[in-house]
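Below is one structure; the comments refer to it alone.
All of the numbers you see were taken from the coordinates with simple rules; none came from a lab. Model, not experiment: these values are computed from the prediction. A quick note on method: Cβ atoms are made from the backbone with ideal geometry, for glycine too, and the neighbour counts reach across all protein chains shown.
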């Protein structure tokens, strides 16, 4: 199944299968993390330490204090896979 893979750091968006995303070096479920659970979603060019997951898990930031752009990412992640399905 092809899904929209959206890097939460740079915004790069590609339509790929999970296998294609993994093979190109992206961190995206199901190979890295689980759909619907906050974990990094990055392209091969970006760093995990700029992700929402990092801010919450490593820097211990309260999600309610994050910028709106980060809260939008959280909402997209929590509503996967529906939020990243490709309309035919």
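Which residues in the range 1-31 have a backbone N closer than 17 Å to a point placed 7 Å from the Cα of residue 66 along the Cα-to-Cβ line? The answer is 6-12, 27-29. Of 39, 69, 47, the residue with the greatest mean-square motion in the GNM of the chain, using alpha carbon springs below 10 Å, is 69.
Taking the Cα centre of each part, how many Å lie between the range 25-70 and the range 1-17? Comparing the Cα centres of the range 25-70 and the range 1-17, I get a distance of 14 Å.
Within the listed set 38, 58, 15, the residue fluctuating most in the Gaussian network model of the chain (springs between alpha-carbon atoms under 10 angstrom) is 58. For the range 3-83, averaging the sequence separation of C-alpha pairs within contact (under 8 Å, six or more residues apart) and dividing by the residue count gives a relative contact order of 26 percent.
Computed over Cα pairs, the Kirkwood radius of the chain leads via Stokes-Einstein (0.890 mPa s, 25 °C) to a diffusion coefficient of 189 µm² per second.
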